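A.B. asks: I'd like to ask some things about the structure below.
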Protein chains: 2
Amino acid sequence: MQIHTDFRELCRSHGLAMTHQRQVIYDMLVVMPGHPSPEEVFDRVRKKLPSISLATVYKTIHTFIESGILREVSPHHGSLRVDDNIRPHHHLVCTTCKSITDVDDSVFEPLRFKHRLPQGFKFERFAVDILGLCPQCAAKADKRHKAQ
Amino acid sequence: MQIHTDFRELCRSHGLAMTHQRQVIYDMLVVMPGHPSPEEVFDRVRKKLPSISLATVYKTIHTFIESGILREVSPHHGSLRVDDNIRPHHHLVCTTCKSITDVDDSVFEPLRFKHRLPQGFKFERFAVDILGLCPQCAAKADKRHKAQ
DNA sequence: CTAGATGCAAACAGTTTGCGTCACT
DNA sequence: AGTGACGCAAACTGTTTGCATCTAG
């Protein structure tokens, strides 16, 4: 499923040091179904590496995310956010500052299924995040880029 | 923007008791832009209602969500979830048990913008959640429904 | 040899809970 | 009058940090 079969190579190509812990965490990650939380990863990695600490799992996952080896499922974990907008709409989400702005659902063509959903899933609605840089963060990134 | 202008009526139609705290929280909520967190709501409500407690704000927001007056922006707050799938895909999310399953992005026609995004927003990618009931939760809900 | 990774414990942030009191219906 | 809402403090869960030690490059 992954392009890199060799973890050592994967680390090198992303500028990361290769450690035993990282190897075991990564191997576990790609094998666990359903998008595990750090705690779940820790519980399983622990069985192979009894002395590992939860802090290391967190740090490693963040390192993987920053280097692009992994993604987080959603930019919205962290805190409950309230939506009082009852009209159909989607969210413009800044990947840097995490700000959320509404856009009307007419910004794009209605979503149309091409295939059936997996058997037994009872569809309710879509929630679409349009990820990118908000005007403020885009401007800052631009400046930083020019300065270099 | 809201259909109900009268909060007392809104409560009645959702089977909720009307209290001063709920009124102030609700008024604040619809006025605050950018999908505030409970803490942010608390900070502002406090200025009008100095004796209110954070716990009440949390309880009230949950009450509003359960009764359908509000929604949460995302079903994914709470804990970091890791995604090792580098292929374009979307997520089937169960609104009851919060389980997440991947579906290939070919389940529906590619998203096509109809209008431009707001000026200055630098688009990166979409993240689509397909919300509904997973097979297990759908089956349970069905049983419960028949039992009544 | 040295920068950076690990493990531990303590600190934090966000959220929930138990319980006595108070207020809507 | 009775059910449920409120306020407070304490408990909990998920996450981060500081620091001493160890290890990959």
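FYI, it's all coordinate maths here, none of it is from the lab. What you see is a predicted model, and the numbers here were worked out from it, not measured in a lab. FYI the Cβ positions are ideal-geometry reconstructions off the backbone, even for glycines, and counts take in every protein chain you see.
A.B. asks: Can you tell me the 0 to 90 degree angle between the C-alpha axis of helix B:135-147 and the longest principal axis of chain B, rounded to 10?
C.D. replies: On a 0 to 90 degree scale, this one is about 50.
A.B. asks: If you don't mind, another one. Mind listing the long-range amide H neighbours of B:VAL73? Cut-off is under 5 Å, sequence gap 5 or more, other chains count too, H placed in the peptide plane at 1.01 Å from N.
C.D. replies: A:ARG81, A:VAL82, A:ASP83
A.B. asks: Enter the angle in degrees (range 0 to 90, nearest 10) between the Cα long axis of helix B:54-67 and the first principal axis of the Cα atoms of chain B, meaning the one along which they spread out most.
C.D. replies: Value to nearest ten degrees: 60.
A.B. asks: Report the relative contact order of chain A, percent, no decimals, based on alpha-carbon pairs under 8 angstrom and at least 6 residues apart. Each step should come with its number before you reach the end.
C.D. replies: Working: 97 pairs, mean separation 23.5, N = 148.
It rounds to 16 percent for chain A.
A.B. asks: A further question on this structure: Mind listing the label-point distances from B:SER53 to the same position on all other copies, shortest first, one decimal in nm, points 7 Å along Cα→Cβ?
C.D. replies: 3.5
A.B. asks: Percent antiparallel among DSSP beta bridges with both residues in chain B, to the nearest 5?
C.D. replies: Close to 55 percent.
A.B. asks: For chain B, what number results from the quotient of the Cα radius of gyration and 2.2 N^0.38 Å? Don't skip to the answer; put the middle values down first.
C.D. replies: On the way: Rg = 19.4 Å, N = 148, 2.2 N^0.38 = 14.7 Å.
Here the answer is 1.32, to two decimals.
A.B. asks: A:HIS115 to B:LYS47: FRET efficiency via 1/(1 + (r/R0)^6), r the Cβ-Cβ distance, R0 45 Å, to the nearest 0.05? Working shown, then result.
C.D. replies: Details: r = 52 Å, r/R0 = 1.15.
Once the sixth-power term is evaluated, E becomes 0.30.
A.B. asks: Same structure, new question: If the limit is 31 Å between Cα atoms, which of B:LYS47/B:LYS122; A:LYS59/A:LYS114; A:LYS98/B:LYS47; A:LYS59/B:LYS98; A:LYS48/B:LYS59; A:LYS59/B:LYS122 go over it? Spell out each step's value before the answer.
C.D. replies: On the way: B:LYS47/B:LYS122 36 Å; A:LYS59/A:LYS114 40 Å; A:LYS98/B:LYS47 26 Å; A:LYS59/B:LYS98 25 Å; A:LYS48/B:LYS59 41 Å; A:LYS59/B:LYS122 29 Å.
The pairs that break the limit, which is 31 Å between Cα atoms, are B:LYS47/B:LYS122; A:LYS59/A:LYS114; A:LYS48/B:LYS59.
A.B. asks: Given only helices, namely DSSP H runs of n ≥ 4 each adding -39500 (n - 2.57), what is the per-residue ellipticity at 222 nm of the protein assembly as shown, to the nearest 500 deg cm²/dmol? Intermediate results must be reported in sequence, preceding the final value.
C.D. replies: Working: 10 runs with 114 residues, N = 296.
Mean residue ellipticity at 222 nm (helix-derived): -12000 deg cm²/dmol.
A.B. asks: Convert each backbone phi in region A:76-88 into a coupling constant with the Karplus relation 6.51 cos²θ - 1.76 cosθ + 1.60 (shift: θ = phi - 60°), then list the ³J(HN,Hα) values in order as whole Hz, x for Gly and Pro.
C.D. replies: Residue by residue, region A:76-88 yields 9, 6, x, 8, 5, 10, 9, 10, 9, 8, 8, 7, x Hz.
A.B. asks: Per residue of A:63-71, what is the mean number of Cβ atoms on other protein chains within 10 angstrom of that residue's Cβ? Don't skip to the answer; put the middle values down first.
C.D. replies: On the way: counts 0, 2, 3, 0, 0, 1, 2, 5, 8.
If you average over the peptide's residues, the count of other-chain Cβ atoms is 2.
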